[in-house]
Amino acid sequence: MYGISAIALAVFLITVGIAHFLVPGYFRTLVPSWLGLAGVLVAGSGAAEIVVGVLILTPRGRGAGGWAAAALITTYLPSHLDALYRARPGRPRRLERPVGAMARLVVNLLYVGWAVMVALTAV
């Protein structure tokens, strides 16, 4: 079961990483304006997700890849916390409303937990 979870995480990361290059505009909307360089951050995080996903696919790299994924996904927390801080009811996009912003944060934390589980169960 843990192998399936690791492969699923790897495929997820690679897919999302590729999506950073296919639909960068969406991912730029997730970068807080105060960070600046949204295009560079989107491309860099997309490339990092692809590399980490490939690392997790290799059995010998699975543990390091899991920890790298947890660290990488943790770096996205400021974006989700910023979205929660700026969330307002009645905004047109659901992810800009309080419930949507909270869901973003919770899902991100679940991703971190998934990555840690992959790292801890790597054999």
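So the values come out like this:
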{"item": "Filter pass, Ile7 being modelled with pLDDT of 95 or more, assigned to a helix (DSSP H, G or I), under 16 Å from Ala119 (Cα atoms) and open to solvent by less than 40 Å² (accessible area, probe 1.4 Å)", "result": "no"}
{"item": "Members of the range 1-33 found to be of a type in the set (Gly, Ala, Ser), within 23 Å of Leu120 (Cα to Cα) and free of Cβ contacts under 8 Å to residues at least 12 places away in the same chain, listed by number", "result": "Gly3, Ala8"}
{"item": "Residue in the range 51-70 that is in contact (Cβ under 8 Å) with a residue 12 or more places away in the chain and in contact with a Phe, Trp or Tyr (Cβ under 7 Å, 6 or more places away or on another chain) present", "result": "no"}
{"item": "Flag if Leu30 is surrounded by 17 or more Cβ atoms within 10 Å (Cβ to Cβ), out of contact with any Pro (no Cβ under 7 Å at 6 or more places or on another chain), at pLDDT 95 or above and of a type outside the set (Gly, Ala, Ser)", "result": "no"}
{"item": "Residue pairs meeting the criteria (Cβ under 6 Å; at least 6 apart or on separate chains; first more than 16 Å from Gly63 (Cβ to Cβ), in the range 100-120; second aliphatic (A, V, I, L, M) and outside any helix (DSSP H, G or I))", "result": "Ala101/Ala87"}
{"item": "Helices (runs of 4 or more DSSP H) lying entirely in the range 57-123 (those with 2 or more residues that are under 22 Å from Ile7 (Cβ atoms))", "result": "62-74, 98-121"}
{"item": "Filter result for the condition that a residue is within 13 Å of the chain's Cα centre (by Cα) and of a type in the set (D, E, K, R), over Arg104, Arg93", "result": "Arg104"}
{"item": "Any hit, the range 34-47, residues being touching a residue at least 40 places away in the same chain (Cβ under 8 Å), within 12 Å of the chain's Cα centre (by Cα) and in a helix (DSSP H, G or I)", "result": "no"}
{"item": "Residue match in the range 16-24 (condition: in a helix (DSSP H, G or I) and touching a Lys or Arg at 6+ places or on another chain (Cβ under 7 Å))", "result": "no"}
{"item": "Residue selected from the range 64-94 under the condition touching a Ser or Thr at 6+ places or on another chain (Cβ under 9 Å) and surrounded by fewer than 16 Cβ atoms within 10 Å (Cβ to Cβ), by the criterion farthest from Thr29 (Cα to Cα)", "result": "Thr75"}
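The values are calculated or read from the model by the stated rules, or taken from the named source; none is laboratory data. Bear in mind the structure is a predicted one, so any value in this text is a computation, not a measurement. Every residue, glycine among them, receives a Cβ derived from its backbone with ideal geometry; neighbour counts consider all protein chains shown. Accessible surface is based on the protein model in full, side chains and every heavy atom, while ligands, DNA and RNA are left aside. Shrake-Rupley method; radii C 1.70, N 1.55, O 1.52, S 1.80 Å.
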